[in-house]
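The values are calculated or read from the model by the stated rules, or taken from the named source; none is laboratory data. Computed from a predicted model, the values in this text were never measured in an experiment. FYI the Cβ positions are ideal-geometry reconstructions off the backbone, even for glycines, and counts take in every protein chain you see. Side chains included, ligands, DNA and RNA excluded: accessible areas come from the protein's heavy atoms. Shrake-Rupley method; radii C 1.70, N 1.55, O 1.52, S 1.80 Å.
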Amino acid sequence: MRAVCLHEQGGIESLNLEENYTDPQAGEGQVVIRVRATSLNYHDVFTCRGMPGIKIPMPMIIGLDVAGEISEVGTGVDGWNIGDRVLINPLDPTDPSKGLMGEMLPGGTAEYCLVDATRLITIPEGCSYEQAAALPVAYGTAHRMMIANGGLKGGERVLILGASGGVGSCCVLLAKAMGCEVVACGSTEDKLKALTEWGADHVINYKEEDFTKAIWTKFGKPHRRKFEGGVDVVINFTGGDTWVPSFKVTRRGGKILTCGATAGFDPKTDLRYVWTFELKILGSNSWLPEDLETLMTMISEGKLSPIIDTVLPLDKTAEGVKLLEDREVIGKIIITP
C-alpha cells in the first residue's frame, strides 16, 4: 500500500511517501480499514519535531483522525462487518494506555489502517468521511472542554482565542449553536472574515490590537466588586503570553477553559486575579466516544458542519502539515488516500 511515514524525527521534511509499504493484516480483535479520509492536527507537527518524554516507535504513519470502511475483520470481532462505515477513535476507550493512533500506533496517512475493534464508531447517514475525520482530536476536544467539562450555557459571552484553527473553529460553531455571544480572535483579515461567516458576533485581530483593551472597550473592564464587565468565558488553549491577559478580561465569577498550550505551557501567572475575581480555571483532556457520537449526530441532523480548509491527496501530506506549522490554515486539513 501507499503510506506517508516518519522514519526519524527532526522536522516535516522527514515525512516520506512510500509506494510499497507492507499491507496490514487483521489479528485477534482487530479490523483493517480502507482509509477514505484523515484529518491533520497540530499534534502531527509535534510528532514530526519530537516531544519531550515521548518516544515514538519508528517508522510511524502519522494521522490521528481516520474515517473509512472496514475491509477485513479479524477473529473474535463481533458486531462489525466488511463495508461498515466507521470513524476510528484515536484513543482506545477500553485501554487508553495503548496510546494514540498516529503517534504510538500507525495512523491514517495510508491507504489502509489496522485498528482494534474497540476503537470503532459507526458513521451515521448524512455524515461524510471527510466530516467524520474532522472530528476526534479537534472537535471532540472542543465539545468536551466547552460542554461536558465547561458547562457552557446559552446567552453567555464567550471569548475564543486561536479561533480559526481546528479546535477554535469548532468552539465558534458550538458556542453559536448554543446561543452564546461570541468574540473570536484571529491574526489576518482573511481569518476574521471567515470567523464572521461562521457566526462570530465580534472579531479581533490580535496582531493589530491588544485583545484585552479591545474587550474592555466593547464590554467594559471587569469589576472586582460587581459581576459585570468583560466576558463570561474565555477559551484559551494557546497559553504563553495570552494567559494573564485572559484573566484581565474575565468577569467576576467567570471561567477560563483550556485544553492545551500551543504558544507555551509555562506562562507567567498572576494569582491575584484568580481570587479577586473568583475565577474558575477548568482543564479538559481529550474526548470520550459519546462526544464523537454526539457531533456526528449533529452533522447528520444538519446542526453542525465542520470547517474544512482544504482536501489534499496522500502525496501532499507533508505540504498539509507544513500549512499547519505555519498557521496558514482556516479550519481542518483533510487527506484522502
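Here's a check for you: in region 293-333, which residue that is of a type in the set (S, T, N, Q) and surrounded by fewer than 23 Cβ atoms within 10 Å (Cβ to Cβ) is farthest from L120 (Cα to Cα)?
By that ranking, first place goes to T310.
Considering only region 102-113, how many residues are open to solvent by less than 60 Å² (accessible area, probe 1.4 Å), out of contact with any Lys or Arg (no Cβ under 8 Å at 6 or more places or on another chain) and not polar (S, T, N, Q)?
5
Could you tell me how many of the residues in region 195-224 are in contact with a Leu (Cβ under 9 Å, 6 or more places away or on another chain) and in a loop (DSSP other than H, G, I, E, B)?
Qualifying residue count, region 195-224: 4.
Yes or no, residue by residue, for (1) of a type in the set (S, T, N, Q); (2) open to solvent by less than 40 Å² (accessible area, probe 1.4 Å); (3) over 29 Å from G99 (Cα atoms):
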position: T238; (1), (2), (3): yes, yes, no
position: T242; (1), (2), (3): yes, yes, yes
position: K255; (1), (2), (3): no, yes, yes
position: G260; (1), (2), (3): no, yes, no
position: G264; (1), (2), (3): no, yes, no
position: I335; (1), (2), (3): no, yes, no
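Report, by residue number, each residue of region 185-201 that is open to solvent by less than 50 Å² (accessible area, probe 1.4 Å) and under 12 Å from L159 (Cα atoms).
Across region 185-201, the qualifying residues are C185, G186, A200.
Does L152 count as closer than 27 Å to L323 by Cα and at pLDDT 95 or above?
The answer is no for L152.
Sort through G155, G162 and tell me the only one that's buried (at least 22 other Cβ atoms within 10 Å of the Cβ), touching a Cys at 6+ places or on another chain (Cβ under 8 Å) and on the phi > 0 side of the Ramachandran plot.
The match here is G162.
Among the residues of region 28-40, what is the count of those that are open to solvent by 10 Å² or more (accessible area, probe 1.4 Å) and either in contact with a Leu (Cβ under 8 Å, 6 or more places away or on another chain) or without any contact (Cβ under 8 Å) to a residue 60 or more places away in the chain (or both)?
2
Going through region 277-286 one residue at a time, which ones are open to solvent by less than 40 Å² (accessible area, probe 1.4 Å) and modelled with pLDDT of 95 or more?
Passing the criteria: F277, L279, S284.
Do you know which of the residues in region 155-174 that are part of a loop (DSSP other than H, G, I, E, B) and out of contact with any strand residue (DSSP E or B) (no Cβ under 6 Å at 6 or more places or on another chain) is nearest to R327 (Cα to Cα)?
The qualifying residue nearest to R327 (Cα to Cα) is G165.
Can you name the condition, by its number, that C5 falls short on among (1) over 18 Å from the mean Cα position of the chain (by Cα); (2) surrounded by 14 or more Cβ atoms within 10 Å (Cβ to Cβ); (3) in a loop (DSSP other than H, G, I, E, B)?
(3)
Considering only residues of region 82-125 that are part of a helix (DSSP H, G or I) and polar (S, T, N, Q), which is farthest from T294 (Cα to Cα)?
In this case the residue turns out to be S97.
If I ask for residues that are buried (at least 24 other Cβ atoms within 10 Å of the Cβ), at negative phi and assigned to a loop (DSSP other than H, G, I, E, B), which ones from region 225-236 would you list?
If the condition is that a residue be buried (at least 24 other Cβ atoms within 10 Å of the Cβ), at negative phi and assigned to a loop (DSSP other than H, G, I, E, B), then N236 is the only one that fits.
Any idea which of L105, L91 is touching a residue at least 60 places away in the same chain (Cβ under 8 Å) and not aromatic (F, W, Y)?
The unique qualifying residue is L91.
Could you please find all residues in region 41-58 being touching a residue at least 40 places away in the same chain (Cβ under 8 Å) and open to solvent by less than 50 Å² (accessible area, probe 1.4 Å)?
N41, Y42, H43, D44, V45, T47, C48, G50, I56
Please indicate, with yes or no, whether at least one residue in region 57-66 is on the phi < 0 side of the Ramachandran plot, at pLDDT 95 or above, under 17 Å from the mean Cα position of the chain (by Cα) and in a loop (DSSP other than H, G, I, E, B).
For region 57-66, residues on the phi < 0 side of the Ramachandran plot, at pLDDT 95 or above, under 17 Å from the mean Cα position of the chain (by Cα) and in a loop (DSSP other than H, G, I, E, B): present.
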